[in-house]
Amino acid sequence: MYSYFHDFYRNTSDTKLLSAIQKAINAEYSAVSCYEKLAKLAQTKEERNKIREIQKDEKPKALFVSKTA
């Protein structure tokens, strides 16, 4: 009986963890995509460069999150 309860609890916990990881991956990729769209809308080269600099900071996080999932 303990084994069944433990397996159920573990599966529920794993599902929540996987859901949280999936949300983190989606958030990181959404941020990268958002910065790309903002860069395209920037009116000056200076603004575009600043936005792309921020985007570069986000890309490693998105890659890290997706590789660890």
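Values in this text are rule-based calculations from the coordinates and carry no lab data. The structure displayed is predicted, hence computed values, not measured ones. All Cβ positions, even for glycine, are placed from backbone atoms using ideal geometry, and neighbour counts span all protein chains on display.
Worth a mention:
- Summary of packing: across the peptides 24-31, 37-44, the per-residue average of other C-beta atoms within 10 Å ranks them, highest first, as 24-31, 37-44.
- Once the Cα-Cα distance is subtracted from the 0.36 nm per residue extended length, the Gln43 to Ser13 segment shows a gain of 6.1 nm.
- Difference of contour (0.36 nm per residue) and Cα-Cα distance, Glu53 to Glu36: 5.1 nm
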